[in-house]
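Read-outs: derived from the displayed coordinates by stated rules, not from any lab. Quick caveat, the model's predicted, so the values are computed rather than measured. Counting neighbours? That spans all protein chains shown, and the Cβs are built from the backbone with ideal geometry, glycine included.
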């Protein structure tokens with residue numbers, strides 16, 4: 001089954017709220033080996049001008065994966081996930097994600113295109129506070145490898 005290009009522009013329901021905690025930020029920073037004190041020490045974060053500890057720049061992957069995952073898992077899309085590799089990922093920030101934020105993530109399929117025998121699928125996932133403030137947009141491109 002080919003990837004259904006009618007899905008370009010389709011937006012999927014927002015994820016349930018995710019509460020960003022100091023513990024999760026510290027665990028993520030440790031996992032990626034980043035010792036920056038603004039990720040683990042509230043005083044250091046405040047000295048740097050933040051209200052609380054902030055998350056490392058790639059932390060939104062934790063939040064965005066479930067939302068974009070439900071989009072690419074939609075059976076009507078026809079993506080053969082067994083043939084998928086991650087092609088590209090980047091984040092566009094409005095402000096840092098910080099401890100105490102409660103956010104949701106909502107994904108839209110923004111592009112489906114051919115690249116030789118491969119299909120490239122791009123999702124844009126907006127991460128917003130539960131009050132509606134846009135914090136970050138995560139853009140991800142997956143590659144379905146051709147046979």
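List residues of the range 101-139, by number, whose backbone nitrogen lies under 13 Å from a label position 7 Å along Cα→C-beta of residue 90. Taking a point 7 Å out along Cα→Cβ of residue 90, the residues of the range 101-139 whose backbone N falls under 13 Å are 137-139. With springs only between Cα atoms under 10 Å, which of 32, 97, 109 fluctuates most in a Gaussian network model of the chain? Evaluated over the chain, the most mobile residue of the options is 32.
Averaging Cα coordinates gives a centre for the range 40-63 and one for the range 108-147; these two points are 25 Å apart. Could you grab the relative contact order for the range 21-81? Cα pairs under 8 Å, six or more apart, rounded to a whole percent. The normalised contact order for the range 21-81 reaches 24 percent.
Taking the Cβ of each residue in 142, 134, 79 as the centre, tally the other Cβ atoms inside 10 Å and list the residues starting with the fewest.
Details: 142 19, 134 13, 79 24.
In increasing order of surrounding Cβ atoms, one gets 134, 142, 79.
Adding -39500 (n - 2.57) for every DSSP H run of four residues or longer, then dividing by how many residues the chain holds, sets the calculated 222 nm ellipticity at -6000 deg cm²/dmol.
Listed from fewest to most Cβ neighbours within 10 Å, the set 70, 64 follows the order 70, 64.
The Rg/Rh ratio of the range 96-143, with both radii computed over alpha carbons and Rh defined as the Kirkwood radius, is 1.16. A convex hull fitted to the Cα coordinates of the range 1-113 yields 119 cubic angstrom per residue. Treat each spin label as a single point 7 Å out from the Cα along the C-beta direction, and report the residue 24 to residue 81 distance in nm. With each label placed 7 Å out from Cα toward Cβ, I get 2.0 nm.
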